[in-house]
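See structure below.
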Amino acid sequence: MSELEELYQQIIVEHNRSPRNFKRLDDATRTAEGDNPLCGDKITLYVKLDGDVISDIGFQGKGCAISRSSASLMTGAVKGKKVAEAERLFHEFRDMVAGDRPMADPKSLGKLAAFAGVRQFPSRVKCANLAWHTLHAALAGAAEPVTTE
Ligand code: ZN
């Protein structure tokens, strides 16, 4: 394993152990639910919008280490950002892990690049993407639960 891969693995392990923003927001203006039945990951996402800024965000749920750490890193990455910026990150992240397009620039993704290696494991891509698809649904105001199937 390269030094970089080791660092990435540490980030995932650490965020799984103590996820950031693992909380319910009572004053959320948007909520969305995500479900990845293939792995058994479930997430409820709470978003508080102040105009077009994500002023606070939290998630709850259960799932594997990849889904949990991805939700933790996602909430950290978009908190305080404008909706348009969060959507840009969603697209870059999806392209990075789904691998159907040239790799996004890991530099612009910061710690989120820890999931770049997931593209080698197609069954884990949905775990990594779940929180992001749920965010996308919450920002779009979708009422239907999100499922990866
Ligand atoms: Zn999973």
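Values in this text are rule-based calculations from the coordinates and carry no lab data. Owing to the predicted nature of the structure, the values given are computational and were not obtained by experimental measurement. Note that each Cβ is placed from the backbone with ideal geometry, even for glycine, and that neighbours are counted across all protein chains shown.
Shown for the chain are the DSSP H helices of 24 Å or more along their axis, judged by Cα atoms, with a mean Kyte-Doolittle hydropathy of at least -1.0: 122-140. Put in order of Cβ neighbour count within 10 Å, fewest first, the listed residues Val97, Val78, Val13, Val146 become Val13, Val146, Val78, Val97. Placing a pseudo-label 7 Å from each Cα along the Cα-to-Cβ vector at Ser18 and Leu38 gives an inter-label distance of 3.2 nm.
Each label was represented as a point 7 Å from its Cα along the Cα-to-Cβ direction; for Lys107 and Glu85 these points are 1.9 nm apart. For the range 3-140, the dipole from Cβ point charges (+1 on Lys and Arg, -1 on Asp and Glu) about the Cα centre works out to 220 debye, to the nearest 20.
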